[in-house]
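J.: Here it is, the structure in full.
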Amino acid sequence: MNKDGHVLNGALLAIGLGVILSVDPTSGPLVGGESGAVTLDAAAGLAGETAVTVVELSLPVVLGALFPDVDTAFGRHRKTLHNLPVLAIFLAFPYVFGNLQFVWIGVATHYLLDMVGSKRGIALFYPFSPTEYNLPTGVATSSEWATKVTVAVTAMELVVLALVHNYVFALDTSLAQATNVIGTAVGL
């Protein structure tokens, strides 16, 4: 995908993640009073909380979604910064330094968008292997379908993130906590 596609992906992810992280699936609907009607205060509170979360997520997710394409200025594009070792650095960064928690989501979804949405793919195992991996669903970045594919891939990413957030571990937990949950689930 091109820069516009990655910006669109990052912006839609920030909005979607803001909603995913703000809505507690274990709580009931926003009801109150004896009639069980939706209360204006509860709806306004949730809307405000969601808006704040979207703003907080926008910068790290969009920056993460754009970061891998820095390799167009140096190195080999879709190799130097489009690989699993770089993603591992972004996954470990918040664990080591305590910040940039959501940048990894932007980086990971950039990779997914380049693998699923474009014809070329990325070199996941670079520098160990220059082989580029993709799926046959990709289109040319200049295609009239590029934006539609970007939106479809982003919607799929949000569904997966919502499932992980609600059934595996909360996305706003620390990496250490998430690692413990996954380790326990697989019996480590």
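The values are calculated or read from the model by the stated rules, or taken from the named source; none is laboratory data. Small disclaimer: the values here were computed from a predicted structure and weren't measured. Quick reminder, even Gly has a Cβ in these numbers, built from the backbone with ideal geometry, and neighbours come from all protein chains shown.
J.: List the residue pairs whose Cβ atoms are under 6 Å apart, where the first residue sits in the stretch 77-106 and is more than 22 Å from G18 (Cα to Cα) and touching a residue at least 24 places away in the same chain (Cβ under 8 Å), the second is outside any helix (DSSP H, G or I) and of a type in the set (S, T, Y), and the two are 6 or more positions apart or on different chains.
T.: Hits for this filter: K79/Y126; N83/Y126.
J.: Hey, another quick one. Would you check if L124 is in contact (Cβ under 8 Å) with a residue 40 or more places away in the chain, surrounded by 15 or more Cβ atoms within 10 Å (Cβ to Cβ) and part of a loop (DSSP other than H, G, I, E, B)?
T.: Taking the combined requirement at face value, the residue satisfies it.
J.: Answer yes or no: is there a residue in the stretch 140-154 that is modelled with pLDDT of 90 or more, farther than 17 Å from I105 by Cβ, among the polar types (S, T, N, Q) and not in a helix (DSSP H, G or I).
T.: Taking every residue of the stretch 140-154 in turn, none turns out to be modelled with pLDDT of 90 or more, farther than 17 Å from I105 by Cβ, among the polar types (S, T, N, Q) and not in a helix (DSSP H, G or I).
J.: Exactly one of (1) in contact with a strand residue (DSSP E or B) (Cβ under 8 Å, 6 or more places away or on another chain); (2) surrounded by fewer than 13 Cβ atoms within 10 Å (Cβ to Cβ) is unmet by K79. Its number?
T.: Result: K79 passes all but (2).
J.: Can I ask one more? Tell me, please, whether a residue that is in a helix (DSSP H, G or I) and farther than 21 Å from L13 by Cα can be found in the stretch 97-115.
T.: Yes; the residues of the stretch 97-115 include at least one that is in a helix (DSSP H, G or I) and farther than 21 Å from L13 by Cα.
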